[in-house]
Amino acid sequence: MPNWGGGAKCAACGKTAYHAEEVQCNGRSFHKTCFICMTCRKALDSTTVAAHESEIYCKSCYGKKYGPKGYGYGQGAGALSSDPAGENAQPQLAKPKPSSTCSNPNKPSPKFGGSDRCPRCSKAVYAAEKVMGAGKPWHKTCFRCALCGKSLESTTVTDKDGELYCKVCYAKNFGPKGFGLGNEAMLEDRE
């Protein structure tokens, strides 16, 4: 069958990865949604990927599997070794199947097309519309106070438990309480 779109085969799922959805690593092509750690299934990018032969991992899982072992490295006492796990260790679980995000686009996933999800509306956040707050990516239109709905900026945003607030709403609801701080519950009777 001819390859009409001109894309390479995804190394994870085997389907055609067209140029708009392609990520390359070690000369192999992946869909952006299939470019995930083989162990923890976390989405990867060029700064978080660590490749070993034909497998890709996040740096954390790569370090656990192929990093040094021994006292001080979380593997118990013993001589340091950089041998890959498997020679003297328990065998790893069977190679995980490719992510279902490649074969079932209707199934919700934390990543879609390599973009992050907005915590407020759960839709994809692309670079052109991304604003960072509370360590998460938000749409510019969703970057609003959770209580009053006021549009926020980096100088007016405060966060608590992953939610965004303007400084006024944050102070009213989470700030100090008492005389002179706008909370009548603790004011003394002045009659």
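Summary of values
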{"quantity": "The stretch 46-74 - residue that is modelled with pLDDT of 80 or more and charged (D, E, K, R) and, of those, most open to solvent (accessible area, probe 1.4 Å)", "calculated": "Glu53"}
{"quantity": "Breaking point among (1) under 20 Å from the mean Cα position of the chain (by Cα); (2) modelled with pLDDT under 60, for Asn88", "calculated": "(1)"}
{"quantity": "Scan of the stretch 22-45 for residues that are open to solvent by 50 Å² or more (accessible area, probe 1.4 Å) and modelled with pLDDT of 85 or more, ordered by number", "calculated": "Gln24, Arg28, Lys32, Thr39, Cys40, Arg41, Lys42, Asp45"}
{"quantity": "Output for the stretch 136-174, where each listed residue is of a type in the set (S, T, N, Q), in a strand (DSSP E or B) and either in contact (Cβ under 8 Å) with a residue 12 or more places away in the chain or over 22 Å from Lys123 (Cβ atoms) (or both)", "calculated": "Thr158"}
{"quantity": "Members of the stretch 135-147 found to be in contact with a Ser or Thr (Cβ under 9 Å, 6 or more places away or on another chain) and of a type in the set (A, V, I, L, M, F, W, C), listed by number", "calculated": "Phe143, Cys145"}
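The values are calculated or read from the model by the stated rules, or taken from the named source; none is laboratory data. Since we're looking at a predicted model, the values are computed, not measured. We place every Cβ from the backbone using ideal geometry, glycine too, and count neighbours over all the protein chains shown. Keep in mind that these areas ignore ligands, DNA and RNA; they rest on the heavy atoms of the full protein, side chains included. Shrake-Rupley method; radii C 1.70, N 1.55, O 1.52, S 1.80 Å.
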